[in-house]
Every structure is written in structure tokens, then in C-alpha cells.
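The values are calculated or read from the model by the stated rules, or taken from the named source; none is laboratory data. No experiment lies behind these values; they were computed from the predicted model shown. All Cβ positions, glycine included, derive from the backbone under ideal geometry; neighbour counts span all protein chains shown. The protein model used for the area step is the full one, side chains on, heavy atoms only, and it has no ligands, DNA or RNA in it. Shrake-Rupley method; radii C 1.70, N 1.55, O 1.52, S 1.80 Å.
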Amino acid sequence: KRDWKNNLYQDLGEDFVVYSPQMPNKQTAKYSEWKVVFEKLLNSVREEVILVGYSLGALFLVKYLSEENISKKIKKTLLLGTPFDQEGMDNEPLLSFARVGSLEKFAKQSGDIYFYHSEDDFVVPFDHLAKYESELPEATFRSFTDRNHFKLESMNELIQDIKS
């Protein structure tokens, strides 16, 4: 299936190495299982890593970088369709991915932070973006009217932000 996630390595070109780990049990996802996979990958990459997260994967990154001490220098963290909390997420329970507490550690460890969200997102309510804006005023926020839950072939804004 052609979508921005599968096309990322082509869209970025040969100046970037793209790792797209398959997280375990997507239908019954558990934070602890994803954490093991992510830590193995994080330990194998060099400094100045750029992290891209989408939907539950974006929330995973927010939670992980809020709770753990990272030894690698993260250059950028780019997050698409990111839930903030359980509010309005009736059909998508966050369960073990639900984050509690401050985003202070996340802000310090994540490098340049970018959020992307669309007003017509059918999974994550648009007002979740405003919650992140309130908590992370130094981040960059890109809002759209017609990208739904980013089920797209390409995300040119994302590519430009990664390359900048």
C-alpha cells in the first residue's frame, strides 16, 4: 500500500537512513512490548537521530521521552495525529500508552519538536493539538483542514521539516 510511511525512505533520498520497525501486536498493543523493540533500535543508531511517530506511535514517543533518560542526542521529533489523553478517544483506548505528568523531560530530550494534525482527523480529536500547544509552546505546530488521520501517499511538509 502506498502511503507516506512506506515512501519515507524514497522521499527523503539517500542522505537519510530510515528505520521503520514493526511494532508487536498492533491490535492489542502494549507499551512495554513496544518499549523493548524501540530501545533495541535506539541503541543501534548513531547520534542526531530524527524520530517520526504517527498516531499511537507518536504517543509512544511522547510517553517514552517523557519518562526515560535518553543517552542519544535527538535532533528532531516529528509527530502526526498524536493523542494527548483519553478525552474523545472512545473508539481508541490508549491503555498502557496513556501518558501522565509533565512534558518537561520530553521537551528537553526531543530536539526540535513538530506536531501535525488535521481538523478532520477521524481518530484523534483536533483539540488534542491545542493541548500540546499549551504544554509545549516552543514546538512547531502544523494544522491542516483536509488530511484526516494522515492516510496519504505523501507528506511533503514532513519531508521538508525533516530535511531543514
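Across region 129-164, what is the number of residues that are among the aromatic types (Phe, Trp, Tyr) and within 19 Å of Lys108 (Cα to Cα)?
The total comes to 2.
Within 18 Å of Lys151 (Cα to Cα) and in a loop (DSSP other than H, G, I, E, B): does that describe Ser71?
When the stated conditions are applied, Ser71 does not pass them.
Just for helices (runs of 4 or more DSSP H) wholly inside region 84-164: which have at least 1 residues that are hydroxyl-bearing (Ser, Thr, Tyr), out of contact with any Gly (no Cβ under 6 Å at 6 or more places or on another chain) and over 17 Å from Asp3 (Cβ atoms)?
Passing ranges, in order: 127-135.
Mind counting the residues in region 102-138 that are among the small types (Gly, Ala, Ser) and touching a helix residue (DSSP H, G or I) at 6+ places or on another chain (Cβ under 7 Å)?
So the answer is 1.
Of Tyr19, Tyr54, which residue is open to solvent by 80 Å² or more (accessible area, probe 1.4 Å), within 18 Å of Ile162 (Cβ to Cβ) and of a type in the set (Phe, Trp, Tyr)?
Sole residue among the options that is open to solvent by 80 Å² or more (accessible area, probe 1.4 Å), within 18 Å of Ile162 (Cβ to Cβ) and of a type in the set (Phe, Trp, Tyr): Tyr19.
Scan region 114-164 for residues that are at pLDDT 95 or above, surrounded by fewer than 18 Cβ atoms within 10 Å (Cβ to Cβ), closer than 21 Å to Leu94 by Cα and among the charged types (D, E, K, R) and jot them down.
Glu119, Asp120, Asp127, Lys131, Glu133, Glu135
Suppose the filter is in a helix (DSSP H, G or I), out of contact with any Phe, Trp or Tyr (no Cβ under 7 Å at 6 or more places or on another chain), in contact (Cβ under 8 Å) with a residue 24 or more places away in the chain and open to solvent by 20 Å² or more (accessible area, probe 1.4 Å); does Asp11 pass it?
yes
Report, by residue number, each residue of region 74-113 that is in contact with a strand residue (DSSP E or B) (Cβ under 7 Å, 6 or more places away or on another chain) and crowded, with 21+ Cβ neighbours inside 10 Å.
Answer for region 74-113, where residues must be in contact with a strand residue (DSSP E or B) (Cβ under 7 Å, 6 or more places away or on another chain) and crowded, with 21+ Cβ neighbours inside 10 Å: Thr77, Leu78, Leu79, Leu80, Gly81, Thr82, Ser110, Ile113.
Residue under question is Ser71, and the condition is that it be out of contact with any strand residue (DSSP E or B) (no Cβ under 8 Å at 6 or more places or on another chain), under 18 Å from Lys131 (Cα atoms) and either of a type in the set (S, T, N, Q) or open to solvent by less than 40 Å² (accessible area, probe 1.4 Å) (or both); does it hold? It would help to see each step written out before you state the result.
Numbers: out of contact with any strand residue (DSSP E or B) (no Cβ under 8 Å at 6 or more places or on another chain): yes; under 18 Å from Lys131 (Cα atoms): no; either of a type in the set (S, T, N, Q) or open to solvent by less than 40 Å² (accessible area, probe 1.4 Å) (or both): yes.
No.
Residues to consider are Leu65, Leu51, Leu78, Leu61; find the one that is closer than 22 Å to Lys151 by Cβ, under 16 Å from the mean Cα position of the chain (by Cα) and assigned to a helix (DSSP H, G or I). Quick ask: steps written out before the conclusion?
On the way: Leu65 fails: closer than 22 Å to Lys151 by Cβ; Leu51 fails: assigned to a helix (DSSP H, G or I); Leu78 fails: assigned to a helix (DSSP H, G or I).
Answer to the check: Leu61.
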